[in-house]
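Encoded as structure tokens, the structure appears first; notes follow it.
The values are calculated or read from the model by the stated rules, or taken from the named source; none is laboratory data. For clarity, every value in this text was computed on a predicted model and none was experimentally measured. Here the Cβ positions follow ideal geometry from the backbone for every residue, glycine too, while neighbour counts run over all protein chains shown.
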Amino acid sequence: MKPKRIILIRHGQSEGNVEKAMYNRKPDYALLLTNEGKSQARKAGEQLKSLVGNESLYFYVSPLFRTRQTFAEIANVFPENFCQMQEEPRIREQEWGHLRTLEECNAVERSRDAFGTFYFRIPDGESAADVFDRVSDFFNTLFRDFEKPDFAENAVVVTHGMTIRLFLMRWFHYTVEEFEELANPKNCDIVVMEKQENGKYALLTTMRKHHVMHQWRLD
């Protein structure tokens with residue numbers, strides 16, 4: 001049974017969001033939520049509860065620590081054992097390679113902006129195109145789950161900003177140029193896709209846009 005909604009949630013504010021130099025001291029997967037991030041996650045839980053009421057939920061959660069913490073804070077808003085979940089490595093953050101200094105992080109971001117976000121492969125890491133491929137593979141799991149007669153009324157994906165953009169690109173068949181114009185959702189923003197009468201999903205959330213830094217476009 002297709003869910004009424006597919007809901008995408010970015011994790012709360014993390015240590016890396018506040019202090020980029022943290023990437024030199026901790027691997028990306030181990031970054032934790034700040035106190036503000038935990039508060040954001042609880043507020044997202046309240047917003048989610050207001051949106052779905054008593055409808056059932058099934059969560060797919062990136063295994064990185066900050067996304068798991070975000071899910072835990074959201075789940076605390078609901079009755080105990082109400083929120084079913086599974087960890088899903090294919091919706092993890094874009095790989096940034098090994099530990100990096102602040103200077104290295106900034107240099108990578110400048111190079112990516114100049115080259116193009118979708119195609120640029122981070123040294124020892126991934127391109128957005130690589131993440132697109134594993135998100136596409138994750139869709140196979142989603143579609144199989146949606147065929148279950150007792151699947152939840154709402155599918156919730158707790159993941160990362162870039163991954164949300166690529167999820168939308170894959171689902172709605174955005175071009176590379178359309179993807180690059182999208183900005184990452186803010187921490188704990190909720191993106192809602194709702195099933196229509198024709199069985200297809202419409203994006204109800206207005207996505208933020210940003211200026212594309214590179215000059216390479218086919219007009």
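Quick one: which of Phe65, Phe59 is modelled with pLDDT of 95 or more, surrounded by fewer than 20 Cβ atoms within 10 Å (Cβ to Cβ) and in contact with a Phe, Trp or Tyr (Cβ under 8 Å, 6 or more places away or on another chain)?
Details: Phe59 fails: surrounded by fewer than 20 Cβ atoms within 10 Å (Cβ to Cβ).
It is Phe65.
Within region 28-41, how many residues turn out to be polar (S, T, N, Q) and surrounded by fewer than 19 Cβ atoms within 10 Å (Cβ to Cβ)?
Narrowing region 28-41 to residues polar (S, T, N, Q): 34-35, 39-40.
Now narrow it down to the ones that are surrounded by fewer than 19 Cβ atoms within 10 Å (Cβ to Cβ): 35, 39.
Residues meeting the conditions: 2.
Against the definition (part of a strand (DSSP E or B), modelled with pLDDT of 95 or more and not β-branched (Val, Ile, Thr)), how does Met207 come out, yes or no? Quick ask: steps written out before the conclusion?
Details: part of a strand (DSSP E or B): no; modelled with pLDDT of 95 or more: yes; not β-branched (Val, Ile, Thr): yes.
Taking the combined requirement at face value, the residue does not satisfy it.
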Among the candidates Arg110, Arg121, Arg165, single out the residue that is under 21 Å from Tyr23 (Cβ atoms), in contact with a strand residue (DSSP E or B) (Cβ under 6 Å, 6 or more places away or on another chain) and not aliphatic (A, V, I, L, M). Arg165
For residues that are touching a residue at least 40 places away in the same chain (Cβ under 8 Å), touching a Leu at 6+ places or on another chain (Cβ under 7 Å) and not in a loop (DSSP other than H, G, I, E, B), scanning just region 128-154, find the one that is surrounded by the fewest Cβ atoms within 10 Å (Cβ to Cβ). Asn154
In this structure, does Asp113 turn out to be in a helix (DSSP H, G or I), closer than 24 Å to Leu48 by Cβ, over 16 Å from the mean Cα position of the chain (by Cα) and of a type outside the set (Val, Ile, Thr)? no
Within region 195-213, is even one residue touching a Lys or Arg at 6+ places or on another chain (Cβ under 8 Å) and among the aromatic types (Phe, Trp, Tyr)? yes
Taking region 176-217 only, how many residues are at negative phi and small (Gly, Ala, Ser)? 2
Arg25 passes all but one of (1) surrounded by fewer than 18 Cβ atoms within 10 Å (Cβ to Cβ); (2) within 16 Å of Asp189 (Cβ to Cβ); which number fails? (2)
Can you list residue pairs whose Cβ atoms sit under 9 Å apart, with the first residue in region 63-92 being closer than 21 Å to Gly53 by Cα and touching a residue at least 60 places away in the same chain (Cβ under 8 Å) and the second being among the basic types (Lys, Arg) and surrounded by 20 or more Cβ atoms within 10 Å (Cβ to Cβ)? Count only pairs 6 or more apart in sequence or on different chains. Thr70/Arg10
Quick check on region 195-204. Is at least one of its residues in contact with a strand residue (DSSP E or B) (Cβ under 7 Å, 6 or more places away or on another chain) and in contact (Cβ under 8 Å) with a residue 40 or more places away in the chain? yes
